[in-house]
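Trainee: Submitted below is the structure of interest, expressed as structure tokens.
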Amino acid sequence: MIVAVNRVFPHDGKDYHLQAEDLGLQQACFEARVYDGGTILWHKKVSYADVVARNLPRMEQDEAVRALMEKTLHTVQAAIVKGKLV
């Protein structure tokens, strides 16, 4: 299980904290969030049930979930740059 992926994304004079936090294998999803200071500006739950359904070995499953978290945060960064999230 991956606990979280975090990064600071500087844009237009602000430092946004981007986070993807695993909500656990039972829910098979993670929540992506964008913070400005301590305020949540945007959030979304993202399912990884398809990854779990593939019955991968644990290490490969964790790598697939981490890759999905990273891809999601990359998409969030692009949306911030385009002015679509904040």
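Trainee: Restricting the search to segment 12-35, which residues are more than 14 Å from T72 (Cβ to Cβ) and either basic (K, R) or open to solvent by 50 Å² or more (accessible area, probe 1.4 Å) (or both)? Break it down stepwise before answering.
Mentor: Within segment 12-35, the first condition is being more than 14 Å from T72 (Cβ to Cβ), and the residues that meet it are 12-17, 24-28, 35.
Hits for segment 12-35 are D12, G13, K14, D15, H17, L25, Q26, Q27.
Trainee: Looking at this structure, is D50 acidic (D, E), over 23 Å from G83 (Cβ atoms) and open to solvent by 90 Å² or more (accessible area, probe 1.4 Å)?
Mentor: Yes, satisfied.
Trainee: Can we say V76 is farther than 30 Å from K14 by Cα and in contact (Cβ under 8 Å) with a residue 24 or more places away in the chain?
Mentor: Considered against the rule, which asks whether it is farther than 30 Å from K14 by Cα and in contact (Cβ under 8 Å) with a residue 24 or more places away in the chain, V76 comes out as no.
Trainee: Is segment 45-67 home to any residue that is within 9 Å of the chain's Cα centre (by Cα) and assigned to a strand (DSSP E or B)? If you could, list the steps in order and put the result at the bottom.
Mentor: To start, the set of residues in segment 45-67 that are within 9 Å of the chain's Cα centre (by Cα) comprises 45-46, 66.
Right, trim to assigned to a strand (DSSP E or B) and you get 45-46.
Checking segment 45-67: at least one residue is within 9 Å of the chain's Cα centre (by Cα) and assigned to a strand (DSSP E or B).
The values are calculated or read from the model by the stated rules, or taken from the named source; none is laboratory data. Predicted model, so just to flag it, every value in this text is computed and none were measured. Quick reminder, even Gly has a Cβ in these numbers, built from the backbone with ideal geometry, and neighbours come from all protein chains shown. What goes into the accessible areas is simple: the full protein's heavy atoms, side chains included, and nothing from ligands, DNA or RNA. Shrake-Rupley method; radii C 1.70, N 1.55, O 1.52, S 1.80 Å.
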